[in-house]
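Trainee: Take a look at this one; I'll ask things after.
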Amino acid sequence: MSYADKVFIEMCRDIIDNGVSTEGEKVRPRWEDGSPAYTVKRFGVVNRYDLSREFPALTLRRTALKSAFDEILWIWQKKSNNIHDLHSHIWDSWADADGSIGKAYGYQLGVKHQYKEGMMDQVDRVLYDLKNNPYSRRIMTNIYVHQDLHAMNLYPCAYSMTFNVTTRPGSDRLVLNAILNQRSNDVLAANNWNVCQYALLLMMIAQVSDMELGELVHVIADAHIYDRHIPLVEELISRPAHDAPKVRLNPEIRNFYDFTVEDLKVEDYVTGPQIKNIPIAV
């Protein structure tokens, strides 16, 4: 069993057994038939993954790592808000006729701000600080920009990354850790997808910053399972699990903007069957 499987099973069991139902509340999401999409939820879920030990991919079912990598490149590297720059159809429901999701996600990361060192966007600021001031406690991004929320087709779910550099006893190598803050997380559809995405992001940034991998801490304000997902989750967490896959990036890449999907290598990824046609509330 991968460590990610263990974390996921325990989290799902806790949400189902001890969570609070939103049934009867005024909820925004709707199912395709127009009925309200209620959830069972837990507040303030915190999961930790030591990326130096193994890659945090579920094996209970397959997480599409190449597609997850493509999406994180779309947001953090291309800094795009247009689905025509993305190879999957995950964002189609939130895009307008031109393919734009508004001033959301990649758009915010690409906005340049004035610093005393010059004009930089948030991604370049992170890369600059990790190179020039790695022990800073101020290395972070935030795409939940209130003045632009009205122009976003979807408010950001995973909205902030805080980077923190440490060392290991007996070594002078720097270790890169990060906290991913998420206001809301659809546990079945998106939890491991987000974990894998930001683990890959941490791998990329650590590699180009000449640092070792440390911990990814995932903080979720509202971790929920939709009512129509509960039977699917119950079946999923009853499955046998497997060892974590081997996941690596092309070690020759030294510039963050040079990574492509082809630079992701996945080996020995043994999983249970995929769950098809998961209903998604919008």
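Trainee: Can you confirm whether Arg183 is outside any helix (DSSP H, G or I), open to solvent by 40 Å² or more (accessible area, probe 1.4 Å), touching a Cys at 6+ places or on another chain (Cβ under 9 Å) and modelled with pLDDT of 95 or more?
Mentor: So Arg183 passes the test.
Trainee: Take Asp222 and decide whether it is under 19 Å from the mean Cα position of the chain (by Cα) and either acidic (Asp, Glu) or over 27 Å from Ile179 (Cα atoms) (or both).
Mentor: It is true that Asp222 is under 19 Å from the mean Cα position of the chain (by Cα) and either acidic (Asp, Glu) or over 27 Å from Ile179 (Cα atoms) (or both).
Trainee: Could I ask something else about it? Which of (1) in contact (Cβ under 8 Å) with a residue 60 or more places away in the chain; (2) open to solvent by less than 40 Å² (accessible area, probe 1.4 Å) is the odd one out, the single condition Val282 does not satisfy?
Mentor: (2)
Trainee: If the Cβ limit is 7 Å and pairs must be 6+ apart or interchain, which residue in segment 28-47 that is closer than 15 Å to Ile278 by Cβ pairs with which residue that is outside any loop (DSSP other than H, G, I, E, B) and hydroxyl-bearing (Ser, Thr, Tyr)?
Mentor: From segment 28-47, the pairs are Ala37/Tyr226; Thr39/Tyr226.
Trainee: I'd like to know if segment 223-241 contains one or more residues that are at pLDDT 95 or above, within 20 Å of Leu127 (Cα to Cα) and out of contact with any Pro (no Cβ under 7 Å at 6 or more places or on another chain).
Mentor: Applying the first criterion (at pLDDT 95 or above) to segment 223-241 yields 223-241.
Pick out the ones that are also within 20 Å of Leu127 (Cα to Cα) and you get none.
Within segment 223-241 (the criterion being at pLDDT 95 or above, within 20 Å of Leu127 (Cα to Cα) and out of contact with any Pro (no Cβ under 7 Å at 6 or more places or on another chain)), the answer is no, since none of the residues qualifies.
Trainee: Take Ser2 and tell me if it is under 23 Å from Val195 (Cα atoms), touching a Ser or Thr at 6+ places or on another chain (Cβ under 7 Å) and of a type in the set (Gly, Ala, Ser).
Mentor: So Ser2 passes the test.
Trainee: Select from segment 221-246 the residues that are charged (D, E, K, R) and touching a strand residue (DSSP E or B) at 6+ places or on another chain (Cβ under 7 Å) and write down the one among them that is farthest from Ala4 (Cα to Cα).
Mentor: Checking each candidate, the answer is Asp227.
Trainee: I've got another one for you. Can you pull out the residues in segment 260-277 that are in a loop (DSSP other than H, G, I, E, B) and either more than 11 Å from Arg62 (Cβ to Cβ) or in contact with a helix residue (DSSP H, G or I) (Cβ under 9 Å, 6 or more places away or on another chain) (or both)? Even if it seems obvious, please write down each step before you answer.
Mentor: The initial filter retains those residues of segment 260-277 that are in a loop (DSSP other than H, G, I, E, B), namely 260, 268-277.
Correct list: Thr260, Asp268, Tyr269, Gly272, Ile275, Lys276, Asn277.
Trainee: Looking only at residues in segment 24-51 that are open to solvent by 40 Å² or more (accessible area, probe 1.4 Å), not basic (Lys, Arg) and not in a strand (DSSP E or B), which one is nearest to His242 (Cα to Cα)?
Mentor: Tyr38
Trainee: Kindly indicate which of Tyr155, Tyr105, Tyr144, Tyr128 is buried (at least 19 other Cβ atoms within 10 Å of the Cβ) and either under 25 Å from Gln207 (Cα atoms) or in contact (Cβ under 8 Å) with a residue 24 or more places away in the chain (or both).
Mentor: On the way: Tyr155 fails: buried (at least 19 other Cβ atoms within 10 Å of the Cβ); Tyr144 fails: buried (at least 19 other Cβ atoms within 10 Å of the Cβ); Tyr128 fails: buried (at least 19 other Cβ atoms within 10 Å of the Cβ).
After applying the criteria, what remains is Tyr105.
Trainee: Further question: Among (1) open to solvent by 20 Å² or more (accessible area, probe 1.4 Å); (2) under 15 Å from Phe69 (Cα atoms); (3) in contact with an Asp or Glu (Cβ under 9 Å, 6 or more places away or on another chain); (4) not charged (D, E, K, R), where does Leu249 come up short?
Mentor: Of the numbered conditions (1) open to solvent by 20 Å² or more (accessible area, probe 1.4 Å); (2) under 15 Å from Phe69 (Cα atoms); (3) in contact with an Asp or Glu (Cβ under 9 Å, 6 or more places away or on another chain); (4) not charged (D, E, K, R), the odd one out for Leu249 is (1).
Trainee: Suppose we filter segment 60-102 for residues that are open to solvent by 30 Å² or more (accessible area, probe 1.4 Å), assigned to a helix (DSSP H, G or I) and free of Cβ contacts under 8 Å to residues at least 40 places away in the same chain; how many remain?
Mentor: Number of matching residues: 4.
Trainee: Can you find, within segment 202-259, the residue that is nearest to Lys131 (Cα to Cα) among those that are among the hydroxyl-bearing types (Ser, Thr, Tyr) and outside any helix (DSSP H, G or I)?
Mentor: Ser209
Trainee: Would you check if Glu54 is in a loop (DSSP other than H, G, I, E, B), open to solvent by 80 Å² or more (accessible area, probe 1.4 Å), over 17 Å from Asp186 (Cα atoms) and of a type in the set (Asp, Glu)?
Mentor: no
Trainee: Output yes when any residue across segment 142-165 is outside any helix (DSSP H, G or I) and on the phi > 0 side of the Ramachandran plot, and no when none is.
Mentor: No, segment 142-165 contains no residue that is outside any helix (DSSP H, G or I) and on the phi > 0 side of the Ramachandran plot.
Trainee: Determine whether Thr162 is of a type in the set (Val, Ile, Thr), open to solvent by 10 Å² or more (accessible area, probe 1.4 Å) and modelled with pLDDT under 95.
Mentor: no
The values are calculated or read from the model by the stated rules, or taken from the named source; none is laboratory data. None of the values given here were measured: they were computed from a predicted structure. All Cβ positions, even for glycine, are placed from backbone atoms using ideal geometry, and neighbour counts span all protein chains on display. Ligands, DNA and RNA are stripped out before the accessible areas are found, and what is left, the full protein with its side chains, is counted by its heavy atoms. Shrake-Rupley method; radii C 1.70, N 1.55, O 1.52, S 1.80 Å.
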